[in-house]
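In what follows, a single structure is set out as structure tokens and then discussed.
We did not get these values from a lab; they are worked out from the coordinates using the rules stated. The structure presented is a predicted model; accordingly, all values stated were derived computationally and were not measured. Positions of Cβ are backbone-derived with ideal geometry, glycine not excepted, and every protein chain shown enters the neighbour counts.
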Amino acid sequence: KLAWCEAPILRLSKGVTPDRKSYVQVRVNRYSGSYVEVYLKTNGKRYVKAPLKNEKISFYKGKIRFSYQRKTVLYCKIRTYRLKKGKKYYSNFSKEKRIRL
């Protein structure tokens, strides 16, 4: 099954909120489609789809934050999709990105 569009481009960054909670931010830079799925993994584990409140990209304005509490290496990849007549059409996965937390 061929993908309907090219893979999205993402960027990872980390930061701290004013109340001192650590987060990692996934920013979707270039994409096609209206919805996003984020897959995360830590050292040597399998990718797990991250639970999102809403998968619509415009809901997050292209930025999605996840909190974390321990030092580790995080790997991330995403794919976008669009709905057409109730069916999901997925893009290819983005390149795997890595960030040390």
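Descriptive notes on the structure:
- Only Lys, Arg (+1) and Asp, Glu (-1) charged, at Cβ; the chain dipole about Cα centre in debye: 120 debye
- Set of lysines with alpha-carbon distance to Lys14 below 18 Å, sequence-local pairs under 8 removed: Lys41, Lys61, Lys63, Lys71, Lys77, Lys97
- Per residue Cα convex hull volume in Å³ - calculated over the chain: 110 Å³
- When the chain is described by a simple charge dipole with +1 on each Lys and Arg Cβ and -1 on each Asp and Glu Cβ, the residue from Ser91, Tyr68, Tyr81 located farthest towards its positive end is Tyr68.
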